[in-house]
Amino acid sequence: MTALLDTLSWVLLSLGGLSVLIGGIGALRMPDLYTRMHAASVTDSLGAILVLVGIMLQAGLSLATIKLIVILMFLLLTSPTSSNALASAALLAGTRPFAEAAQDAEEPK
Amino acid sequence: MYYVVTIATLITMALALLRALLGPSVYDRVLAVNMLGTKTVLLLSVIAFLYGRPDFLDLALAYALINFIGVLAVLEFFRSRALRRSAERGARQ
């Protein structure tokens, strides 16, 4: 049972590390703000869930697990909120999505 | 095994910092700093177990709160600035 939990938590931790890394590369390499937000939200949701659940399996039933659950719930509530605030602020300031801007460059009106 | 996650998170933090330095618009920088904060929370949680000191989790929780409030405050500031600028542009025309 312990070996199973250990294996499961290592798998979750590795996948979490991988998705965090992929999101970081995406946030650096993507062409405009909205696609970068899309890449960054992978690390905020999937990476956080995988890493924190992987640590929870290592911690077992203890106060640390409860703290980790609180951290996870908080991250899951706040990261979409701040993404939404960021996107609406950028749209209001006149930043346009990449595809739309590229389309306009192809066919000038 | 915690080392793998720690190194992946550190590399991602470096990439986010690079994006914050490069970022053409101010919103790219806010996005990168927000991402850096989330990764700091993850890093603190992993380090708590890497070093066997669960009290680091309290720091992670406090950092998550500070990061969220900070990003919202900065965005509200830039949002009101954009509104003010567009209002000025509308008044001039």
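The values are calculated or read from the model by the stated rules, or taken from the named source; none is laboratory data. It should be emphasised that the depicted structure is a prediction, and the values quoted were computed from it without experimental measurement. Note that we place each Cβ from the backbone using ideal geometry, even for glycine, and neighbour counts take in every protein chain shown.
Structure values in brief
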quantity: Residue within segment B:25-37 that is at the interface with chain A (Cβ under 8 Å from one of its Cβ atoms), surrounded by fewer than 22 Cβ atoms within 10 Å (Cβ to Cβ), free of Cβ contacts under 8 Å to residues at least 24 places away in the same chain and assigned to a helix (DSSP H, G or I) present; calculated: yes
quantity: Total residues in segment A:46-70, condition touching a residue at least 40 places away in the same chain (Cβ under 8 Å) and facing chain B (nearest Cβ under 9 Å); calculated: 3
quantity: Odd one out for A:His38, checked against (1) modelled with pLDDT of 85 or more; (2) at the interface with chain B (Cβ under 7 Å from one of its Cβ atoms); (3) more than 20 Å from B:Ile7 (Cβ to Cβ); calculated: (2)
quantity: Looking only at segment B:47-57, and only at residues there that are more than 7 Å from chain A (Cβ to nearest Cβ) and either surrounded by 13 or more Cβ atoms within 10 Å (Cβ to Cβ) or of a type in the set (Val, Ile, Thr) (or both), the one that is farthest from B:Asp28 (Cα to Cα); calculated: B:Leu50
quantity: Condition met for A:Ile25 (of a type outside the set (Gly, Ala, Ser), touching a helix residue (DSSP H, G or I) at 6+ places or on another chain (Cβ under 8 Å) and crowded, with 17+ Cβ neighbours inside 10 Å); calculated: no
quantity: Near pairs, Cβ below 6 angstrom, 6+ apart or cross-chain, from segment A:71-91 (without any contact (Cβ under 8 Å) to a residue 24 or more places away in the chain) to any residue that is among the polar types (S, T, N, Q) and surrounded by 13 or more Cβ atoms within 10 Å (Cβ to Cβ); calculated: A:Ser82/B:Asn34
quantity: Any chance B:Gly70 is under 17 Å from A:Gly54 (Cα atoms) and surrounded by fewer than 19 Cβ atoms within 10 Å (Cβ to Cβ); calculated: no
quantity: One residue from A:Thr81, A:Thr95, A:Thr7 being surrounded by fewer than 17 Cβ atoms within 10 Å (Cβ to Cβ), within 30 Å of B:Phe78 (Cβ to Cβ) and either hydroxyl-bearing (Ser, Thr, Tyr) or facing chain B (nearest Cβ under 7 Å) (or both); calculated: A:Thr81
quantity: Which numbered condition B:Phe78 misses (of (1) in contact with a Phe, Trp or Tyr (Cβ under 8 Å, 6 or more places away or on another chain); (2) farther than 30 Å from B:Ile7 by Cβ; (3) more than 10 Å from every other protein chain (Cβ to nearest Cβ)); calculated: (3)
quantity: Test for A:Thr43: is it assigned to a helix (DSSP H, G or I) and more than 7 Å from every other protein chain (Cβ to nearest Cβ); calculated: no
quantity: Segment B:1-13: number of residues that are more than 8 Å from chain A (Cβ to nearest Cβ) and either farther than 19 Å from A:Leu21 by Cβ or not β-branched (Val, Ile, Thr) (or both); calculated: 2
